[in-house]
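Undergrad: Just dropping this structure here.
The values are calculated or read from the model by the stated rules, or taken from the named source; none is laboratory data. Everything quoted here is computed from the prediction, not taken from an experiment. Please note: Cβ atoms are built from the backbone with ideal geometry, for glycine as well, and neighbour counts cover all protein chains shown.
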Amino acid sequence: MDIKNKKLRDDEFYKIRKEVLATWETGKEVDLDEAIAYHKSLPEHKVFSNKLNKAKKEGKTLVQPRAGVGLIENHIELLKHLQDAGEADLLPTTIDSYTRQNQYENCAEGIRREKEGMANGNFHPFLNGFPAVNHGVRGCRQVVEALDTPLQVRHGTPDARLLTEIAYAGGFTSYEGGGISYNIPYAKNIPIEQTMYDWQYVDRLTGIYEEAGVAINREPYGPLTGTLVPPCISHSVAIIEALAAAEQGVKNITVGYGQLGNQIQDVAAIRTLEELTDEYMHKFGYTDVNVTTVFHQWMGGFPADEAKAFGVISWGAACAALAKATKVIVKTPHEAAGVPTKEANAQGLRCTKQLTNMLVDQVTVGSRLEHEKEVIKAETRCIMDKVIALGHGDIILGAIAAINAGVIDIPFGPAKCNAGIMLPARDNGGAVRILEVGNLPFTDDLKKFHKEKLAERGKAENREVSFQMVIDDVYAISKGRLVGRPRY
């Protein structure tokens with residue numbers, strides 16, 4: 001496998017494409033020229049990038065849920081409810097777990113059993129999302145045409161090439177994921193070289209649509225493992241995946257971040273994410289890419305009590321609005337219980353929209369914010385500059401080497417290629433700091449900063465700085481606190 005951060009040649013891409021489209025029977029429904037014409041026939045207000053770029057210009061934060069079920073008619077019903085009763089600005093289609101593992105035969109069986117249940121009045125869901133590959137181009141277009149809101153595919157698929165072909169030909173105008181963010185948090189045994197190569201195909205296909213005059217938004221998955229991920233780690237992954245996408249011709253990129261819970265750190269993170277992405281885009285010569293941001297509400301454990309869950313949702317909504325994120329991915333009051341009802345999902349959306357509307361004219365400023373921004377920028381630049389050096393200027397080669405060396409180390413990532421040495425913990429104010437630096441290429445000043453911040457917490461709690469803090473912090477919000485204080 002010859003992998004470098006270079007645009008795939010046409011002969012290479014189209015050779016791979018024949019194999020990809022032959023993977024499953026619905027691949028034969030894809031006609032690239034016809035799909036491009038279909039996209040051009042869509043009204044402008046249904047194009048994801050248009051709505052994001054307009055919101056960024058106006059300083060508004062759009063709201064978007066997570067949602068996906070197995071059958072087309074049920075999926076349309078769910079999304080219509082979120083569009084109308086939930087007042088969603090943007091809509092998702094969350095893909096099922098079988099599709100994520102390219103197990104299309106299992107999807108077919110799940111669809112068959114769900115349809116059988118619907119027919120005999122004994123419906124039971126066998127799929128935990130929308131099997132877009134099995135429903136094919138025609139099935140995806142049924143969804144697109146039934147709604148009046150832009151649609152994004154959200155999934156978690158290491159090899160998403162056929163899913164991308166079907167989704168784009170089906171009319172979806174936004175697509176989530178990347179070679180790092182859909183490997184390390186989701187898989188164990190897949191080589192990082194393989195996913196980086198497979199996602200070049202996804203981005204090159206996106207670039208081909210862009211070159212034909214079709215705007216398709218690409219979104220690296222920001223939260224990663226969703227558990228105490230320091231901003232510098234998620235920022236570095238987002239920037240790498242954005243640069244890799246831009247090389248393949250992607251022009252509309254949304255970089256993301258998962259809420260950590262400390263307002264100053266969260267606001268600083270979103271603002272620096274956009275600034276740093278623009279900085280490295282220009283550094284590598286990609287000057288014509290539209291960069292927007294997404295803030296993911298709390299990705300960790302939720303309180304079971306719905307009223308308390310709304311408190312967590314509201315805090316995430318407020319932070320997203322104060323940070324001026326372009327959009328916010330919304331949680332529901334049923335997070336602790338499992339799959340939410342459509343009514344609960346809509347409630348989370350309306351709760352979030354109330355907060356974003358109330359705070360649209362408010363701005364967070366201050367010396368603490370500026371200091372936090374400088375810390376995040378310094379940390380991220382340390383990592384990114386080492387990635388560039390390891391790759392001798394090639395961002396993909398550098399990323400692979402950095403992951404193998406632990407220069408990029410995602411906490412609690414299951415992938416074997418992930419070092420898993422670095423450990424995060426909260427400081428006394430709830431900001432996520434680094435307990436064990438591992439192989440992160442920080443300066444001595446940054447290492448000292450983290451050590452001192454955690455020492456302050458240890459002194460306040462009258463205990464040693466240790467791994468127990470990490471454990472306590474993982475479960476804190478589900479127990480009603482941000483910082484995992486010991487019980488005396």
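Undergrad: In this structure, is Gly348 outside any helix (DSSP H, G or I), in contact with a helix residue (DSSP H, G or I) (Cβ under 7 Å, 6 or more places away or on another chain) and small (Gly, Ala, Ser)?
TA: For Gly348, the condition - outside any helix (DSSP H, G or I), in contact with a helix residue (DSSP H, G or I) (Cβ under 7 Å, 6 or more places away or on another chain) and small (Gly, Ala, Ser) - is not met.
Undergrad: Right, something else. Restricting to segment 167-177, and then to whatever is assigned to a loop (DSSP other than H, G, I, E, B) and more than 12 Å from the chain's Cα centre (by Cα), can you tell me which residue is surrounded by the fewest Cβ atoms within 10 Å (Cβ to Cβ)?
TA: It comes out as Gly171.
Undergrad: Return yes or no: is Gly391 touching a helix residue (DSSP H, G or I) at 6+ places or on another chain (Cβ under 6 Å), closer than 30 Å to Leu8 by Cα and at pLDDT 95 or above?
TA: Here the answer is yes, as Gly391 does meet what is asked.
Undergrad: Follow-up. Taking into account only those residues within segment 423-444 that are over 16 Å from Gly261 (Cα atoms) and touching a residue at least 40 places away in the same chain (Cβ under 8 Å), which is surrounded by the most Cβ atoms within 10 Å (Cβ to Cβ)?
TA: First pass over segment 423-444, keeping only residues over 16 Å from Gly261 (Cα atoms): 423, 435-444.
Still in the running and touching a residue at least 40 places away in the same chain (Cβ under 8 Å): 423, 440-443.
On the way: Leu423: 17, Leu440: 25, Pro441: 20, Phe442: 20, Thr443: 11.
This residue is Leu440.
Undergrad: Tally up the residues in segment 432-451 that are assigned to a helix (DSSP H, G or I) and touching an Asp or Glu at 6+ places or on another chain (Cβ under 9 Å), please.
TA: Adding up the residues that qualify gives 2.
Undergrad: Keeping to segment 335-346, report how many residues are farther than 19 Å from Gly258 by Cα and free of Cβ contacts under 8 Å to residues at least 40 places away in the same chain.
TA: Total satisfying the criteria: 5.
Undergrad: Same structure, new question: Name the single residue that is farthest from the chain's Cα centre (by Cα) among those in segment 239-264 being assigned to a loop (DSSP other than H, G, I, E, B) and buried (at least 24 other Cβ atoms within 10 Å of the Cβ).
TA: Applying the filter and picking the extreme gives Val250.
Undergrad: Another question, then. Pull out all pairs, ordered by first then second residue, where Cβ-Cβ is under 6 Å, the residues are six or more apart or on different chains, the first lies in segment 24-43 and is assigned by TED's automatic domain parsing to the domain that holds Leu147 and in a helix (DSSP H, G or I), and the second is loosely packed, with under 15 Cβ neighbours inside 10 Å and among the small types (Gly, Ala, Ser).
TA: Ile36/Ala212
Undergrad: What's the number of the only condition in (1) at pLDDT below 95; (2) surrounded by 24 or more Cβ atoms within 10 Å (Cβ to Cβ) that Thr227 fails to meet?
TA: Failing condition for Thr227: (2).
Undergrad: If I filter segment 87-104 down to residues being outside any loop (DSSP other than H, G, I, E, B) and not charged (D, E, K, R), which single residue comes out as farthest from Tyr186 (Cα to Cα)?
TA: Of the residues in segment 87-104, the ones outside any loop (DSSP other than H, G, I, E, B) are 91-94, 97-100, 104.
Then keep just the ones that are not charged (D, E, K, R); that gives 91-94, 97-99, 104.
Numbers: Leu91: 23, Pro92: 19, Thr93: 18, Thr94: 15, Ser97: 11, Tyr98: 13, Thr99: 13, Tyr104: 18 Å.
Restricting to residues being outside any loop (DSSP other than H, G, I, E, B) and not charged (D, E, K, R), the top hit is Leu91.
Undergrad: Collect the residues in segment 351-372 that are outside any helix (DSSP H, G or I) and either of a type outside the set (Asp, Glu) or within 27 Å of Gly301 (Cα to Cα) (or both), keeping them in residue-number order.
TA: Within segment 351-372, Leu359, Val360, Gln362, Val363, Thr364, Val365, Gly366 qualify.
Undergrad: Any chance segment 7-21 includes a residue that's closer than 19 Å to Leu151 by Cβ, out of contact with any Cys (no Cβ under 8 Å at 6 or more places or on another chain) and not in a loop (DSSP other than H, G, I, E, B)?
TA: Within segment 7-21, none of the residues are closer than 19 Å to Leu151 by Cβ, out of contact with any Cys (no Cβ under 8 Å at 6 or more places or on another chain) and not in a loop (DSSP other than H, G, I, E, B).
Okay, residues lined up against (1) touching a residue at least 12 places away in the same chain (Cβ under 8 Å); (2) not small (Gly, Ala, Ser):
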{"site": "Asp288", "(1), (2)": "yes, yes"}
{"site": "Thr293", "(1), (2)": "yes, yes"}
{"site": "Ala309", "(1), (2)": "yes, no"}
{"site": "Asn357", "(1), (2)": "no, yes"}
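Undergrad: Restricting attention to segment 114-125, does a residue exist that is crowded, with 16+ Cβ neighbours inside 10 Å, outside any loop (DSSP other than H, G, I, E, B) and at pLDDT 95 or above?
TA: Yes, that holds for at least one residue.
Undergrad: State which residue is modelled with the lowest pLDDT when the search covers only segment 452-488 and only residues that are assigned to a helix (DSSP H, G or I) and among the basic types (Lys, Arg).
TA: Among those residues, the one meeting the criterion is Lys479.
Undergrad: State the number of residues belonging to segment 44-78 that are assigned to a helix (DSSP H, G or I), under 13 Å from Val143 (Cα atoms) and in contact with a Pro (Cβ under 8 Å, 6 or more places away or on another chain).
TA: 1
Undergrad: Take Ile180 and decide whether it is assigned to a helix (DSSP H, G or I), surrounded by 22 or more Cβ atoms within 10 Å (Cβ to Cβ) and either touching a residue at least 24 places away in the same chain (Cβ under 8 Å) or not hydroxyl-bearing (Ser, Thr, Tyr) (or both). Full working, then the answer.
TA: Numbers: assigned to a helix (DSSP H, G or I): no; surrounded by 22 or more Cβ atoms within 10 Å (Cβ to Cβ): yes; either touching a residue at least 24 places away in the same chain (Cβ under 8 Å) or not hydroxyl-bearing (Ser, Thr, Tyr) (or both): yes.
Taking the combined requirement at face value, the residue does not satisfy it.
Undergrad: Right, next: Among the residues of segment 328-338, is there at least one that is modelled with pLDDT of 95 or more and surrounded by fewer than 24 Cβ atoms within 10 Å (Cβ to Cβ)?
TA: For segment 328-338, residues modelled with pLDDT of 95 or more and surrounded by fewer than 24 Cβ atoms within 10 Å (Cβ to Cβ): absent.
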